[in-house]
Each structure stands twice: as structure tokens, then as C-alpha cells.
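The values are calculated or read from the model by the stated rules, or taken from the named source; none is laboratory data. Predicted model only: the values in this text are computed from it and were never measured. So basically every Cβ, Gly included, is an ideal-geometry build from the backbone, and we count neighbours across all protein chains shown.
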Number of protein chains: 2
Amino acid sequence: MSSKNGMKQLFNPESIAVIGASHNPSKVGSIILKNLKEGGFSGTLYPVNPDTAPILGLKTYSSIGRVKGQVDLAIISTPAKTVPKILEDCGLSGVKAVVIISSGFKEIGDKGEKLEDDLKKIIERHGITVVGPNCLGVYDSDSGIDTIFLPSYRMGRPKHGNISFISQSGAFGSALLDWSAEEGFGISKFISYGNAADVDEVDLLEYLGNDKDTKVISMYLEGASRPRELIEMGKKVTKKKPVVCLKVGRTEAGVKAAASHTGSLAGSDEIYSAAFKQAGILRADTIEEMFDYARAFSSQPQLKGNRIAIITDGGGFGVMAADSAEKHGLKMAELSKRTKNFLKKSLVPYASLGNPIDLTGVANDKHYAAAIDACMADSKVDCILVILLLQPPNVSSGSIETLIEINSQHRKPMLVCSAGGRYTKTHTDILEDSGIPVFPTPDRAAKAMAALYKYSKIKN
Amino acid sequence: MSSKNGMKQLFNPESIAVIGASHNPSKVGSIILKNLKEGGFSGTLYPVNPDTAPILGLKTYSSIGRVKGQVDLAIISTPAKTVPKILEDCGLSGVKAVVIISSGFKEIGDKGEKLEDDLKKIIERHGITVVGPNCLGVYDSDSGIDTIFLPSYRMGRPKHGNISFISQSGAFGSALLDWSAEEGFGISKFISYGNAADVDEVDLLEYLGNDKDTKVISMYLEGASRPRELIEMGKKVTKKKPVVCLKVGRTEAGVKAAASHTGSLAGSDEIYSAAFKQAGILRADTIEEMFDYARAFSSQPQLKGNRIAIITDGGGFGVMAADSAEKHGLKMAELSKRTKNFLKKSLVPYASLGNPIDLTGVANDKHYAAAIDACMADSKVDCILVILLLQPPNVSSGSIETLIEINSQHRKPMLVCSAGGRYTKTHTDILEDSGIPVFPTPDRAAKAMAALYKYSKIKN
């Protein structure tokens, strides 16, 4: 295994060679060059193509060896059989990091396996840091690195954020990035590492564990190639920041499918669950959970205990939230006398002052402000789930302002659940933009809160 | 308990009196009158208000007794204490059905309980069919009945469809209708029945069981007031059409919250599960499940067996779908030799011809058409889950056309999973409009398919 000296250059290169950039704009290399040139990358770009007519107005080189300056990162998207020679050239030219987009390696069987072995030898010999082959590579919203060969109309690029996301599957990653962009979720770094001829999930976990821009790490995994190292690295990283992992291949059918997809020998699901537990890695069962948990960690302070207060203007949503909170290890807070007295004075006579606090369908912005304030001040409450249904006629943007103001004080974790159509979305987008995660169902919101609690136990 | 002779008039009145329609446009009665006048209702409207100046240009009556013509349905939104007298007047005037929107009855405690008892006596004496009090009432996309007092900018109205939806909670119902409108899901009838002084979930189940416009029934329930009758009615109805129920109050915390919300004595969750099983009612655990299952039933033909074929352009999504299919009682189909040979000729060499059939990221419209056709023709396949990720560059609207054409033949159930941003949504909206349910995650799609299988076993 090569050294990982080039991890810095992978995410923060000052210069990039795009090998396979083409005069045909629909080619993978051309899309990558265009994305880099028009996106956030501000360093030097070197297109490499045997035909040295300028591409996108950039001086083009016939080979990596012809580039005069230092190349920190090379992105290769040429046919598989040409890649070993090109990688060798990269090594000879002192390139620190390489992303190999090209497919046609071990994922296609024996012939590709041989080519991939060749790559490994070159990697070892030159000590280059390589992501791939057969991957989407890297997206970094901070440095503007974007090796994803999908045009932005097909796959939106998420805005800047503090969630980083490691994916063993490229298509999985691209669908999730596209979805995140649409939903307005912020991403720091994304890595699709493909066949992992060199850099794998353990290396990435280590790097992101030390990355100051990453507050929470999400992972999609079909099978760990170095399970023991993954556990050890998980132990270290989860002392610093939360790691959420969606590990698939849980059933016989799934294991078989994973073996055929990434060649992962998935191993027993129970063993993975035990390993994740040992490593402090939170296991997500679904795509929603993986992102819901990450979004909660992304913005909310640490949880000190498991006593939740639920505030709602819809009784049914309150019941569902209570069900889910209890099911996932939270406890309904016993509100203090002081809180109850305050609520009695502040709410309508038939509001429910228990927990859930049901403001009922006549709820207005003042009711929400009073209930949230009271729960924030109540020492018997560790966290607050605010169910804000915007169909009832008296709730308005005043509640949105209250939530944003209170959230900015970071006193206790607060998550919001809201469901509906356009009017709702208009308002909840503002909450999201202000760093308050909004979940479409009480169940998902309560589970995300429970994840905050689980991690607080892991960390302490 | 009164007879339910007025159920027809509840959903298909020729004339409606809106008692509590007001000269103040923000009053509940005024919003209802406006929604009826400007919505799809084509019969006669009688606003009732002591001040008989015209409201919204309509001749206004000082009391229901003053209306000359037959009133099929009256909608009451006046203060609680005035309601018994008005209901009595409705009875004397021969009104067949009444929706009482007003709150302030048994949900507020002893004083309201007394008022509600008064209502029950009047209902029995006159044999009127009453929905409410303390409810949103009825929304019927066929007849244009809309007693929901929320303006349409707050709560969108879903388009016409064949899913009917019974909700014990008003706020839950309004959030779900609003969400359905936004997502483009079609609804036939929605009923929020509030305190159920007369009409309850058993009556509604019976009515919708016989309603030719309803293909599937969704229910939100906190507690059944007539559990034995619910089981008996469930048995009858589920022989004809699927019933999906989200029953909350599953934990101690949830039971307590439900008691405080709808006064439901929820009873043991295990007993409910057993009762639903006996009744053939499919239990949903989450809001997503309730609607996912309903959407699958809404458009897809019956399932004859549990052998599923999964077609995907993203390996990871395929693995997740396989996991979920097996977990929920489906079996990965063993594709016939003929299918495999055909696929071998039609797909790229490194496509996976097992099941999931992985078209890989180079998938194009022809690959999708070939794979779907082959699975439709394969007698070893009972149903097909198509994972259509639209980030890869070669898939286009041709695949959408293929799906629509094949689905229109109704040969085997087919569900689609697709995830992403705007480009994806533009295409999946077309599928939804053409009656092909699209699910955002493989897990949800596979669970919905499993629900089709569960119901096929209940029915046969």
C-alpha cells in the first residue's frame, strides 16, 4: 500500500492536469475540465491530449511529461488499457495525487484485474495517492475540486456545508449529491473511491476525521476491505466527530448483489453491526436515516441527556413523535411546574400542557415562542422537537423568526418537523438556510434526535 | 347510534347550507363558502347568517328554517354552545347530513362533553348523519365538496384520484392533503371525523368499501371506539379493496399523548396488530409507508407471486432494493435462460445479468427497454422494480416513454425508484402523471411492492 502523502493535493491542489480532456465536449474529460474551469477551482489547469490545439481556450499538452510546472493532481479518464502507462508518467513527473475515473478494471473480471494489479505496482513504486479507478472521484465545495463527469443539469452541485460523504458506489453518490443540491443541504467533501486500488474508506475516514471543515462524516459501504483497520480508525475519529454509515448487503439477496456490484464480500450483517458499535459508528438503515442524522449533527449542539420536549400544533403528529422518541431511546421530559404554569398563562385553555405540548390548531406565533422559550429554560428538558404545521391559519413567519433566533443561541438541540406543500416549503427553506434541520415526518425527526443522543453517549 | 341514511348526501349533495358563513372573509364559515363557490361544487349554496345581506353575492338566510328548497348537507361552524339548537333546526328542516366543524365539545372536558351528549340525542331523534364535531369534515375531488376551512394557499387541494383517506386527526389530514397536492398524488375522498359523535371510522370504511371511485383506503387512527365492528367491517372491505392503516399510540408515551389528543384509549399495540391481521388491514408504521402503499395499490395490477426482478443503472441502489425486498417477504426472481441470453445480446458486456440486472452507469434507453421487456415476458418474474437514476448521461426521456407504454399494458406490477434533483423530478413527474408510482429510495419502493404481495395473499 502506498503512502498517503498526496491526500492534501487530492483536495487542495494548486494545479490540475486533466488527462483525457478532449476536443469533443461530450467526452468525460471535457466535462470535467469544463466543470473545473467554470466552477470554484482557482488554480492552474493543464488539459492533456495528443492533439494540442487549445481546449476551452486553455493551452493543451500532448502528455503529462510536457507540462513544465508542478502538477499536484491529475485526473485520468482515458481508456483502461492506456491508464498504467499514463499513471507511470504521472509518477515520473512528480504528480502527488491522481483520480482515475476510467472503468474497465477489476469490476469487469480477470482481464481488468490484471490491469488493476499493474496500477497497484505503479502506485507503490511512486508513492502516488490514487483514488479509483472506476469512480466519480472528488467533489470539494471548499476548494472547487470537482472530478464528477456529470454535467450540472444532470447532477446539481450541493452548496457549501460541513457534512462530508464517502461512497463506495458512484451512482449512489451522484444521486445523493443531486438530491442534496435540490434540497439545499450543504456538503464539504464527497469522495467516490470506486475499486480502491489505493485510497479506501479507512484512509478517507482518517483524512476527514482531521479535516477542520468536516463536522460529520456519512458513509455508504457495501463491504470493508480492511475491517479491523476500519474499526480502529472509527474509534479514533468518532471521539472527535460523528460518523454515520449506511452499510448495505444485509440479507442473502443483498450480499449476492453487492458481490456482483463492488465485488465486496459483505460478511455477516451481525458482525458489521457489532463492529460499528465497537467503533462508535452510527449505523443508518436507510438513505433517509443517513442524511437525517448527518443534518442533525451538522447544525445542532451536543445533547446532555435524553429528555425530549415535543411542541406541536397537530395532536396526531405529536402522538407519532412521542411513539418514535420512546421507541428510539429518548424519554418524554416531565415538564417543571414553572413551565406548566407559564404555559397555562400563555396558551389557550384547551391546549395540552403535558408533553407533547399541544398548542392545537389555533396556535399562533406567540404560542410557539412561549412554548419554545419555556422548554429552553426548563432544566428538565434536554432537547426540543418543534412540530410546526403551517396549514393552520394563525401560524406565520413570526414562528420561523422565533425558531431562528432561539436556535442561534445553541442552548439545546432543537429539530423541526413540518409537512406540506408550497407554503410550507417556502417557510421551511428559510429554516434550513438558517441551519435548522427540518424533517418531513415526526418519526424521522425523533430518530434524528435519538441519533444525537446516541452519539453523545459514544463521545463521552 | 343514528342510521347512516345521509352518507350519500354527505359526499354528493345537490344543495349545501353553510351555517356560520360570515361577512368577515377570514371567518371559518366564509372560507368554506368561498372554497365551495369557487371550487368544483356545482349545486346550490345557501349561506346562513343572522345578517341577511348577501355574502359573496349569494342570497343569505337568517336561519336554516328560512331556506325554501331541500338542503341535503349543512356545514356548521358557529360557536359550540349554539350548535345543538342549530342541529335541531337542521333536523326539523329535513337536512340529511351535517358536518360540524365547530370545536369546544368533548375534547375540552366536562363542559364540552355535556354539549356533545346533547348533539347525540338530537342526532338519534332526527336520524341525521353527522360528521364531527371538532373536525375538518369532507373533501371530495369528484363532487367538489370541500368543508376544509383552510385557504388553498395554506393547504393545497389534491387532484382527482382513487385513494380515499380517513383521518381521526384534522391537522394530520390537512398536512397530508397539502403534501399530496404538492406531490401530485390523486385523492378521491378525504374525511376528518373529529370527535365522531355519529359517523366514525367503521361507517366510513363501510361507505368507502362500496364506493366505486375508491380503489384503496388509507386510515390514520389513534384508537378505535368500536374495535369489534372495525375488525368485522375490515374483513368485508378488504375482500374488495386494500385498506392501509397507520395506527399510532404504539408506545407508553404515544398512548398517553393519544389519550390527551383524541381521548382515545389506545389499548395494547399487540392487540391492534392482531386485530388488523384478522381484518386483513395492512398496518403502516410511518406516514411514508401509508402513502407509499396506497400509491402502489392505486395504479398497479394484482400481484400473482412474490418473485421480484430488479433493474438498475446504479449498483448500490440495486443492492439496497434486494436487501429490502428480501427483508419484506419478496424473493429475488431466478431469471430464465431465455431472458439471460436476450440480455446478454442487448446489454454491455460488463452489465450484470443476475438479479438485480445492473445496466451500469452507461445504461441507455434501449438497455432499459430490453431489460423491462424481458422481465415482463419472463414467466419466472411476478413483479418488476425499475431503478432509474437519471444522473448517468445516456438515459433520457426514451426510458420514461418505455415505462409509460409498458405500464399501460398492466401485465405485471411495476414500481419505479428514482432519486435526485430538478432534472430527475421533471421526468418522474411525468411518470407519476401517467400512473406509475415513483419512490425516492429503493427501500420504500421494495416495501410498497411487498405490500402489494401481502394484499394479494389477503384477497385470495
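For the reader, a short list of remarks on this structure follows.
- Restricting the search to strands (runs of 3 or more DSSP E) fully inside segment A:43-110 and requiring at least 3 residues that are under 24 Å from B:Gly361 (Cβ atoms) gives A:73-76, A:97-100.
- Which numbered condition B:Val202 misses (of (1) surrounded by fewer than 19 Cβ atoms within 10 Å (Cβ to Cβ); (2) in a helix (DSSP H, G or I); (3) more than 14 Å from chain A (Cβ to nearest Cβ)): (1)
- Every residue from segment B:408-431 that is of a type outside the set (Gly, Ala, Ser) and touching a strand residue (DSSP E or B) at 6+ places or on another chain (Cβ under 6 Å): B:Lys412, B:Pro413, B:Met414, B:Leu415, B:Val416, B:Cys417, B:Thr428, B:Leu431
The rows are residues; the columns are (1) of a type in the set (A, V, I, L, M, F, W, C); (2) surrounded by 19 or more Cβ atoms within 10 Å (Cβ to Cβ); (3) touching a residue at least 24 places away in the same chain (Cβ under 8 Å).
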{"position": "A:Ala21", "(1), (2), (3)": "yes, yes, yes"}
{"position": "A:Gly29", "(1), (2), (3)": "no, yes, yes"}
{"position": "A:Ile32", "(1), (2), (3)": "yes, yes, yes"}
{"position": "A:Ile55", "(1), (2), (3)": "yes, yes, yes"}
{"position": "A:Gln70", "(1), (2), (3)": "no, no, yes"}
{"position": "A:Lys81", "(1), (2), (3)": "no, no, yes"}
{"position": "A:Ser103", "(1), (2), (3)": "no, yes, yes"}
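- Failed item, numbered, when B:Ser143 is tested on (1) out of contact with any His (no Cβ under 7 Å at 6 or more places or on another chain); (2) part of a helix (DSSP H, G or I); (3) over 18 Å from B:Ala21 (Cβ atoms); (4) not acidic (Asp, Glu): (2)
Per-residue answers, yes or no, for (1) under 12 Å from B:Val199 (Cα atoms); (2) touching a Ser or Thr at 6+ places or on another chain (Cβ under 9 Å):
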| site | (1), (2) |
| --- | --- |
| B:Gly91 | no, no |
| B:Lys96 | no, yes |
| B:His126 | no, yes |
| B:Val131 | yes, yes |
| B:Cys135 | yes, yes |
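- From the options B:Val386, B:Val362, residue that is within 22 Å of B:Leu330 (Cα to Cα) and either at pLDDT 95 or above or within 14 Å of another protein chain (Cβ to nearest Cβ) (or both): B:Val386
- When A:Lys459, A:Lys447, A:Lys412 are checked against the criterion of being within 11 Å of another protein chain (Cβ to nearest Cβ), basic (Lys, Arg) and under 24 Å from the mean Cα position of the chain (by Cα), A:Lys447 stands alone in meeting it.
- For segment A:258-300, the set of residues classified as among the basic types (Lys, Arg) and within 14 Å of chain B (Cβ to nearest Cβ) consists of A:Arg283 only.
- Condition met for B:Thr441 (under 21 Å from the mean Cα position of the chain (by Cα) and within 23 Å of B:Glu183 (Cα to Cα)): yes
- Only listed residue being buried (at least 21 other Cβ atoms within 10 Å of the Cβ) and over 17 Å from A:Lys447 (Cβ atoms), chosen from A:Ala253, A:Ala296: A:Ala253
- Test for B:Ile287: is it surrounded by 22 or more Cβ atoms within 10 Å (Cβ to Cβ), at pLDDT 95 or above and under 23 Å from B:Glu432 (Cα atoms): yes
- Residues (modelled with pLDDT of 95 or more and of a type in the set (Gly, Ala, Ser)) located in segment A:187-236: A:Ser188, A:Ser192, A:Gly194, A:Ala196, A:Ala197, A:Gly209, A:Ser218, A:Gly234
- Total residues in segment B:240-250, condition within 13 Å of another protein chain (Cβ to nearest Cβ) and surrounded by fewer than 20 Cβ atoms within 10 Å (Cβ to Cβ): 0
- Residue list for segment A:1-30, filter: in a helix (DSSP H, G or I) and out of contact with any Leu (no Cβ under 7 Å at 6 or more places or on another chain): A:Met7, A:Lys8, A:Phe11, A:Val28, A:Gly29, A:Ser30
- Set side by side, the residues B:Gly280, B:Gly249 differ, and just one is under 30 Å from B:Lys380 (Cα atoms) and not assigned by TED's automatic domain parsing to the domain that holds B:Leu359, which is B:Gly280.
- Any chance B:Val255 is within 13 Å of another protein chain (Cβ to nearest Cβ) and part of a helix (DSSP H, G or I): yes
- Lone qualifier among A:Gly186, A:Gly170, A:Gly112 - being touching a strand residue (DSSP E or B) at 6+ places or on another chain (Cβ under 6 Å) and either among the hydrophobic types (A, V, I, L, M, F, W, C) or surrounded by fewer than 24 Cβ atoms within 10 Å (Cβ to Cβ) (or both): A:Gly186
- In segment A:122-130 there is no residue that is surrounded by 24 or more Cβ atoms within 10 Å (Cβ to Cβ), of a type outside the set (S, T, N, Q), closer than 26 Å to B:Asn394 by Cα and more than 8 Å from chain B (Cβ to nearest Cβ).
- Close pairs from segment A:408-432: first over 24 Å from A:Cys375 (Cα atoms) and in the same structural domain as A:Ser396 (by TED's automatic domain parsing), partner assigned to a loop (DSSP other than H, G, I, E, B) and among the aromatic types (Phe, Trp, Tyr), Cβ under 7 Å, at least 6 apart: A:Tyr423/B:Tyr153
- Within segment B:169-190, being within 7 Å of another protein chain (Cβ to nearest Cβ) and polar (S, T, N, Q) holds for B:Ser169, B:Ser174.
- Segment B:105-120, subset in contact with a Pro (Cβ under 8 Å, 6 or more places away or on another chain) and within 20 Å of A:Val348 (Cα to Cα), residue modelled with the lowest pLDDT: B:Ile108
- Total residues in segment A:78-115, condition over 30 Å from the mean Cα position of the chain (by Cα), within 11 Å of chain B (Cβ to nearest Cβ) and on the phi > 0 side of the Ramachandran plot: 1
- Within segment A:322-344, restricting attention to residues that are over 31 Å from the mean Cα position of the chain (by Cα) and free of Cβ contacts under 8 Å to residues at least 24 places away in the same chain, the residue that is surrounded by the most Cβ atoms within 10 Å (Cβ to Cβ) is A:Lys340.
- Residue within segment B:57-74 that is closer than 24 Å to B:Tyr193 by Cβ, assigned by TED's automatic domain parsing to the domain that holds B:Ile122 and of a type in the set (Asp, Glu) present: yes
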